[in-house]
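Bear in mind that the values in this text are calculations on the coordinates, not laboratory data. The structure presented is a predicted model; accordingly, all values stated were derived computationally and were not measured. Neighbour counts are summed over all protein chains in view; Cβ atoms, including those assigned to glycine, are modelled from backbone coordinates with ideal geometry.
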Amino acid sequence: MLWKNVQVGTVLGAHSLLQTSTSKDSRVDLELVGDDGRGKCTVRLFPNSVLRLTRMVSKSVGPVSVRDLGLGLAGRILVSLDGPFDYDVELTGVTDFGILARVAFRRKDAASGQTAFLFGRPETLTVIKGSIEARMGTGPQVRVRAGEQLRGGEVVQLPPTAPELRLDP
């Protein structure tokens, strides 16, 4: 496989594979924008992580537009959702594609303009801003709000000083 450095302005498509180095300062911020140029999903890839963009689809059903994202992950990411759209995000492994988590964000449920969540191993999903509906693997779908973490199918309230709650961990 031939690896290339990614620069600001690089356009990536579905099936792109990104990897960060093990250096503690290594990170990549990706801005995923729909075909119409509206809505924004930002994905921060942290050090020693691999991300595969498996699916990037915009769907409209009546007045509702949904951004359907598939992300293969080995490592840790921070996802920020903004704009007038609903989002479905499926997180899988990079090579085995087993479902790690599914996240549904519905704008009508949003109290704030932005929703942000952190996903990493072991399979934990921490909501930093807003709220989402999520499930780990084949577990039940549950609501996870800012300051809460989903691990092993259970929602846990984190203390306000938890390092996972910082937007720039």
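Count charges around residue 136 for me, please; just the other residues with Cβ under 11 Å from its Cβ, Lys/Arg as +1, Asp/Glu as -1.
Values: positive: 102, 135, 151; negative: 123, 154.
Here the charged neighbours net out to +1.
For the range 19-31, take each phi angle, set θ = phi - 60°, evaluate the Karplus expression 6.51 cos²θ - 1.76 cosθ + 1.60, and give the result in whole Hz per residue in order, putting x for glycine and proline.
9, 9, 6, 7, 4, 4, 9, 7, 7, 9, 10, 10, 10
In terms of modelled amide H atoms, which long-range or inter-chain residues lie less than 5 Å from the amide H of residue 73?
52, 92, 93, 94
Can you give me the distance in nm between label points at residue 40 and residue 6, each placed 7 Å from the Cα along the Cα-to-Cβ direction?
Each label point lies 7 Å from its Cα, and together they span 1.7 nm.
Starting from the Cα of residue 40, draw a straight line to each of the aspartates and glutamates and keep only those under 14 Å, dropping any in the same chain fewer than 8 residues away.
29, 31, 68, 82, 86, 88
Apply the Karplus curve 6.51 cos²θ - 1.76 cosθ + 1.60, θ = phi - 60°, to the phi angles in the range 136-141 and return the couplings in whole Hz, x for Gly and Pro.
The phi angles translate into 9, x, 9, x, x, 7 Hz.
Tell me, in nm to one decimal, what length is gained between residue 17 and residue 61 on full extension, where the rule is 0.36 nm per residue of separation less the Cα-Cα distance?
12.8 nm
What are the residues whose amide H is under 5 Å from the amide H of residue 49, where those residues sit 5 or more places off or on another chain and H is modelled from the backbone?
So residue 49 has HN proximity to 20.
Please list, in order along the range 150-157, the HN-Hα scalar couplings obtained from phi with the Karplus expression 6.51 cos²θ - 1.76 cosθ + 1.60 (θ = phi - 60°), rounded to whole Hz, x for Gly and Pro.
9, 9, x, x, 10, 8, 10, 6
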